[in-house]
1. Mind checking which residues of the range 195-219 are in contact with an Asp or Glu (Cβ under 8 Å, 6 or more places away or on another chain) and at positive phi?
2. Quick check on my filter: what residues within the range 542-562 are farther than 21 Å from residue 595 by Cβ and exposed (fewer than 15 other Cβ atoms within 10 Å of the Cβ)?
3. Of all the residues that make up the range 485-515, how many are polar (S, T, N, Q) and surrounded by 21 or more Cβ atoms within 10 Å (Cβ to Cβ)?
4. Working carefully through the options 432, 359, find the one that is surrounded by fewer than 16 Cβ atoms within 10 Å (Cβ to Cβ) and either modelled with pLDDT of 90 or more or part of a strand (DSSP E or B) (or both).
5. Please go through the range 444-470 and give me each residue that is modelled with pLDDT of 95 or more, loosely packed, with under 14 Cβ neighbours inside 10 Å and either of a type in the set (D, E, K, R) or in contact with a Cys (Cβ under 8 Å, 6 or more places away or on another chain) (or both), ordered by number.
6. Do any residues in the range 593-604 that are at negative phi and surrounded by 15 or more Cβ atoms within 10 Å (Cβ to Cβ) have Cβ atoms under 9 Å from those of residues that are acidic (Asp, Glu) and not in a strand (DSSP E or B), where the two are at least six apart or on different chains, and which pairs are they?
7. Take the conditions crowded, with 21+ Cβ neighbours inside 10 Å, within 22 Å of residue 509 (Cα to Cα) and at pLDDT 95 or above and apply them to residue 441. Does it pass?
8. Confirm whether residue 518 is in a strand (DSSP E or B), modelled with pLDDT of 95 or more, more than 30 Å from residue 597 (Cβ to Cβ) and not hydrophobic (A, V, I, L, M, F, W, C).
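The values are calculated or read from the model by the stated rules, or taken from the named source; none is laboratory data. All values reported here derive from a predicted model rather than from experimental measurement. In this analysis, Cβ positions are derived from the backbone assuming ideal geometry, glycine residues included, and neighbour counts consider all displayed protein chains.
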Amino acid sequence: MKKKQNDELLRLKEALEPLAEQIETPETLSAQGVTELLEEKQPKQKKGKVVAFHTVRALAAVLAVVIGVTGAMKLYDRPRVRSIPKAIASAESPLSGTTQKDITDYFTALKADYDKNSVGSSFFRYGKYGAVEDKATGVAEIAAEATNESAAVGETNTQVENVDEQDKIENDGRYLYYVTNDDRVHIVDTQNMQQIGSIEPFSEQAFNGALYYKENRLVVLETYGFNDRDGRKARTAVRVFDVTDRAAPRLLKTVEQDGRLFNSRLVGDRLVVLSNDCVPVYGLETKGGYADYNDVVPCTTVDGGEEQPLDAACITIMPGSDSDTYLVITTLDLDTIAGGGPNTFAILGAGETVYCTEKQLFVAAVDYTDYYASDRRDRIVDETKTNIYEFSFLGATVALEHTGAVAGTLNNSFSLDSADGTLRVATTGWDKNGTTVNRITVLDENLKEIGRIDGIAPRETIRAVRYIGQYGYVVTFEQTDPLFVIDFADKTRPKIVAELKLPGFSGYLHPFNGYLLGVGSNGDEFGMTDGMKLSLFDISDPTAPREIDKLVIPRATALVGSDHHFFTDNSSHNRFGLVYESHEEFYERRFGTLTVENGKLKLLASFTNRKSIEEETGNRVYGPDGSSVTAYYPEEGIDRGTFIGSTLYTASHERICAWPFDGGDCLGTVELNDVTKEGETAWNEPYLSR
């Protein structure tokens, strides 16, 4: 038995030694460590020898599992590129004005590294770099005041004044332009509540439809196609229409660029479109072991012409980069769109968050390079950082001006703010003990750190940020909702000047007629949340903010924290509205309208686009009719709200409805899509009453 056992140990050791060279394992699980451990543990009794012999086999099996799991983690972990050309790997500043050889060298090395590490799943790469969606019904005429040119008109809720953001609905004061879930654009005349025109999707594969409207120009943005192993790419299509004749929109320009639509902005007449374009390195064909330039750079197409590879001089490679994804930025001028062409620029490294002022474009992306470094074993320590790129976009070309980085990750675009030549950045990270660390970093005009404040609410995470002038308002959450006020009077030494603790948390902060609105979740002192909560803060003295009122809607969930375009600002009439999810009877999206009177929040009305509703208790819920219902089709859920004068318009995939903003019976509907029709797609399945 002894000889058999020793033979077993020897075979185990021999089997483990070659694996140890390929896979990093703790010392105690090395081939030598395991066999020494087993030899030390041998009991002298005969019975013990049998147990030990089986222990060898059991430990071998366990170790095989450990090796298998470790090997799988190594397989799917992002490989570190060690064969990038020296000029790139050793560069201390971005390589702009590159040559075709620089780029083909880069991707040839990247391809070789992929092949060496046997990585072929785009899922895991996206995990690192991010990028990772007519029939009109005649109705009663709406009051003429609603379409009066001098009446207040609902606009997209934007972060920065004079910087427009893409949205699913546009409003020119009479006509509404709305993208439904099938990417069809519907043009509705609110004067008689009829659909008078439409624009078909660019492709059957189109998704992520978005719009801009300015002075009879309608911009339609879509993504179509998907990256796959055959090398086919997702592309972003930008179409500009003249809608002077709303019944017959006239196409002026079509521009396509490689990559999935990431975001966009409109500043004056300058449209900025951003996409993330992933090069399918795992399926990249090489000739003589060398990549072809046209296969590894983004392409653009104008008005259906031939694809044009981006010039190498318009591509920037960041030092030490090993990304296979381009951030592609194209600018167009709407005033000269018919004759002018696009300007396109690309940088290797996908974008995740966009913040734009009237003069500067900032793009942020999480960088896990240090976190996934091959020599790291302790993954508790947070070594993630956020890279920030600053671009100029108002000139003849797009240009990378400055780059910087901050520790941790952003919550959303509201974590960024430009003021007086500085950029304020709020992030959440983790310390060596796994405790969250919230900080605000101040960067100068070159994106270099000049000030920072650490230690904001340890163990909590940032849920909302809003900068107003000299002050920043930050909401964190673990059990309670601390509202911190940060004073940036001294940019090199920002400081906390106030802290207000409340149950629940706000996921979105919005300045409103001198107050600060917080929208989020209601909660208790134990951190349990229930219902949607709206808080009204008096910030007349920023050093002593007060919650002067709150309003809780039971069995409801706020959505504006994930998309601020769900919020509608009608502050000129002391009103606002928002889309929220109700769980009262059905899981559906409703639209609530509210006001502030004498420092008190007041819910005016709640609307549903569902044609059939049951009478609700408490605040009345208005629907197109009041009959009973036993099933709800989710496509009827309200997606956007806008207004003209005192008339509110709620839009969903199925219909657009008009209402008095403060509540009342439906003034008219326009049917867009019949989701109850047999043979439609899967989204027509109803949510049954619960």
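1. Within the range 195-219, 208, 216 qualify.
2. Across the range 542-562, the qualifying residues are 543, 544, 555, 562.
3. Residues meeting the conditions: 1.
4. Only one candidate qualifies: 359.
5. 448
6. The qualifying pairs are 593/662; 595/662; 604/662.
7. So residue 441 fits the description; yes.
8. no
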